[in-house]
Each structure stands twice: as C-alpha cells, then as structure tokens.
Amino acid sequence: MKLGVPRERSEGENRVGLVPETVARLARLGFEVLVETGAGREYNPDSAYAEAGARVLQAREEVYGESDAVIKVLRPSPEEAELMREGQLLVCFLNGPMYPELVERLAARGVTVFSLEAIPRISRAQSMDALSSMSSIAGYKSVLLGANALGKYLPMMTTAAGTTRASKVLVLGAGVAGLQAIATAGRLGAEVTGFDVRPEVKEQVESLGARFLEPEREEPEEEEEPYEEYEPKGLARIMVALGFNSFAEPPEEREKNGRKTSAEAESMKRTGGYATLQPEEKQRQDRELIRRELHTTDLVITTAQIPGRRAPILITREMAEEMAPGSVIVDLAAESGGNCELTEAGKTVEHRLVKIMGPVNVPGMMPIHASQLYSRNMENVIKHLAPEGELSLDFEDEITASACIAHAGKISHAPTREALERGRG
C-alpha cells in the first residue's frame, strides 16, 4: 500500500502528516511512503525522509497520482480535491459538518474520507486520537500566549521592591486543552480556577491544584450514619494496586457506575464522547457564574467547542467590559466562532482596555512536537485500517464506522449530511 504525504499549503500550517521516524516504522511493515519535497519544512528535510525509506517526489500531482492513501493534516483545498480519484483514501482533519460541500465533492469522486474529529473517544481509539494530541498542545501554548500578552507576572514574586500577587487565571472548559492549560498555568505559579458544564470533571480539575468553579450550595446538615468502609480483597486489591481505581468501590457500586441508560448510550453514539450543546437556561446560569468570577480574573483561557457546531458563547460583550483593565482573554474556540462574543479569528481585539486574542491553528505554532504526535496517531490509524499492509475496512468496527464520513460515492456521516441539507434549505 502506498501512502502519500503532500506538503501542507494552508497559510501558517507547518505541520506534516508523517515524520521520518514514523516513515521508517511503516516501511518495515511493508508500506511504501511517498513524500512531496519540502513537506517536512526545515525541521524534517527531504534527506531525513529518504534515509527513513521514503521516496521523495518533486510535485504534489505525483504524490496524489501514485498514492493509495493520502495522509494530510488539514482538509484538502478544492484544487487538491480534484487531484484525488475513485478508491483513494484520505485521512486528515476535515470537520465534515463545517465543510459539507467539500465532503460531497470528494464523495462524488469516489474518495473514502476519514475525518480525525470523528474518531470516538473510547479506550481502543486513544492511540489514534489526534484531536486530543493537538488539543493538549493548544492548551499549553494558550497559556504562553496569554502570559506574553498580560502585563503581569503569573507567579507571586517577592523582590526588594515589594511583593506582587499571583495572577488569577480562569480556564473555561476542562477537556484535554483545558486541563493542559490548567496544569501549565499552575506550573507557572498562577492562581488557577477551572470551569466545565460537566460537574464530573471537578475531581480532575482539583487534582491539578486548581479550584473548580461551581455554584455555592447550602445543604442541610444530616446526621451521619455509621458505616463499614469497603476494603478490596483478592483480585480487586491487585487491580487497585495496578491503578484500576474503580475496583476500590464495592462491586454493586462498580456495576451501577458501569451501567448506562439507553438515552446515555445513544448520546455517546451520537457525540463520540464529546461535549454537547446545553439548554439555553443552563447556558444563562453558567454565564452568570462566570461573570462574577471575571471581576477578579487577570487571564481567561476559553476552550469550549462542540464538533460540527458553532462554539457556545461563554463571555458576552458586557461581561468582557466588566473585566479589569489590562485583562486578557485567549479564545481557543476562535476558528469555530469563539467563546467570547468579541473574538475575531486570527486577530487580537482590544475592547475597553481588555485584550481578546483569537489565535487560529495553535498546534501549528509548535510544528515539531505537533508533527511528532500527529504522526504517531496516523501510524496507529493506518495500522487499524490496513492491518496487513493492505486496506481492509471493517464497518462493523466502531472506530472505522464513526471516523469514515464518505465511502463508495456516498456521505456516510449523518451530521455532515444534515449540514449539507441545511445549506441547501
């Protein structure tokens, strides 16, 4: 099977689909890798690919023309889509619901499309989850961008001239990007608070040393009933020692926690484990909670995104106007509309002495590590789709069925079909 790696041509995109280290491993498994000259930029030169066993080609037309599968980072341009042919495989970040016409064009050409955003967040797919890999980089980098724009220290500093207090950082969204932002801000000495619409992530936020933002609840005191603490024994004790902490619970609790209602199961099937849009009243309550916190916050990192939809507004214009002069907002959801009402993708807006940054393609700002991680994810995707070195698509498999958004001339991804119909309606 021939794998093609074209040079990314989107503005500001310096990542590459496969790095030489991964090419060498794939070559040993029997894959032939074709790389367009300059695909790896200056950090992965053509000579490194050649030494790893790849064939370096001079034109992208050659790469597309000879490849059985094309491995990209971002979606192909209309010109690149025209270079693809029937039976060819495309693996990349495409985001079908946002670009349904492109998916339709590829499907019409008979291209089988795998979109990395659609890979389900299940344990079997963790090694293929490029979205999580890139989100981790984005979360880390967002704190550095914010710290650079903030006119303050992040940590408390004691000097001969006096002591400055630690900056207060608020991270909205405790997914992969948010948790990495919380950890990074904490390592830099900031006073960190995290927020998420899912109360179950509170423990994860607090395990990183941050405070979890939630409504204050007054609960009546109840007389404690005596109980005997459960002590795992036998196999359960061994599993706890190995890190399987669910076995620290009584068996009946494990069974209860492991069950899902039919509605929950259907939700997991439809969303792949990602966040979903909240009811308007819940959004209003969350915004009010955030508004009160913003009064004393120096740096805000927003990370809330919903695949295939516009990002939810968490910070309105009025909320931003109530922030202290010199405060900074870094909106990682800028490309999907932004979590702040004032965000402009690719720009830094200054409104009433508050900076609102809307960086795009943040992982592309760290192309060396981003490419390494992405390439490892791609290696596992390729081995999943072609376990014997030849393409073998099993649509009974959850990963294959979820990530494939176009096959055999048809769009197989329901949200993409729905987006296409809405656009025509």
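The values are calculated or read from the model by the stated rules, or taken from the named source; none is laboratory data. Just so you know, these numbers come straight off a predicted model, no measurement behind them. Ideal geometry is used to build each Cβ from the backbone, glycine not excepted, and the neighbour counts take in all protein chains shown. Ligands, DNA and RNA are stripped out before the accessible areas are found, and what is left, the full protein with its side chains, is counted by its heavy atoms. Shrake-Rupley method; radii C 1.70, N 1.55, O 1.52, S 1.80 Å.
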Between Gly364, Ala166, Cys340, whose Cα lies farthest towards the positive end of the dipole of the chain when Lys and Arg beta carbons carry +1 and Asp and Glu beta carbons carry -1, centred on the Cα centre?
Gly364
What is the dipole size for the chain, taken about its Cα centre, with +1 at each Lys and Arg Cβ and -1 at each Asp and Glu Cβ, in debye to the nearest 20?
1300 debye
Pulled fully out, how much extra length does the chain show between Glu42 and Lys282, if you take 0.36 nm times their separation in residues and subtract their Cα-Cα distance?
81.6 nm
Per residue, how big is the convex hull of the chain when only Cα atoms are used? Give it in Å³.
206 Å³
Using amide H atoms built in the peptide plane, which far-off residues or other-chain residues are under 5 Å from Phe93 H to H?
Leu74, Arg75, Leu116
Determine the relative contact order of the chain: mean sequence separation of Cα pairs under 8 Å and six or more apart, normalised by residue count, in whole percent.
20 percent
Using +1 at the Cβ of each Lys and Arg and -1 at the Cβ of each Asp and Glu in the chain, identify which of Gly110, Val35, Ser142 lies farthest towards the dipole's positive end.
Val35
Taking R0 as 22 Å, what's the FRET efficiency between Lys2 and Ala59 from their Cβ-Cβ distance, rounded to 0.05?
0.90
I'd like the Karplus ³J(HN,Hα) series for the range 58-74: coefficients 6.51, -1.76, 1.60, θ = phi - 60°, whole numbers in Hz, and an x wherever there's a Gly or Pro.
7, 10, 5, 4, 5, 4, 5, x, 9, 7, 7, 9, 10, 9, 10, 8, 9
To check you understand DSSP bridge types, tell me what percent of the beta bridges within the chain (both residues inside) are antiparallel, rounded to 5.
25 percent
Taking the Cα centre of the range 49-149 as origin, work out the dipole magnitude from +1 charges on Lys and Arg Cβ and -1 charges on Asp and Glu Cβ, in debye rounded to 20.
420 debye
Roughly speaking, what is the centre-to-centre gap between the range 124-173 and the range 330-363 when only Cα atoms are used, to the nearest Å?
16 Å
Once you have the Cα-Cα distance between Leu29 and Glu388, take 0.36 nm times their residue separation minus that, and quote the gain in nm to one decimal.
128.4 nm
Dipole magnitude (debye, nearest 20) for the range 318-425, charges at Cβ of Lys, Arg, Asp, Glu
320 debye
Length gained when the stretch Thr159-Lys347 is fully extended (0.36 nm per residue, less Cα-Cα span):
64.2 nm
Fraction of alpha-carbon pairs in the range 11-58 farther than 15 Å apart, rounded to whole percent, equals 35 percent
With all protein chains present and a 1.4 Å probe, the order of Met84, Met1 from largest accessible area down is Met1, Met84
Estimated vicinal HN-Hα couplings, Hz - the range 158-163 in sequence order (Karplus 6.51, -1.76, 1.60; Gly, Pro = x)
10, 10, 5, 8, x, 10
If you take the C-alpha gyration tensor of the range 1-108, multiply each eigenvalue by 5 and take the square root, what semi-axes do you get, largest first, in whole Å?
23, 15, 12
With the range 53-189 reduced to its Cα atoms and the Debye formula applied, log10 I(q)/I(0) at q = 0.14, 0.16, 0.20, 0.22 1/Å amounts to -0.80, -0.90, -1.12, -1.23
Starting from the amide H of Ile329, placed 1.01 Å from N in the peptide plane, find each other amide H under 5 Å away whose residue is 5 or more places distant or on another chain.
Val300, Lys355, Ile356, Met357
Using the heavy atoms of the protein chains alone and a 1.4 angstrom probe, what is the accessible area of the range 296-397 per residue in square angstrom?
43 Å²
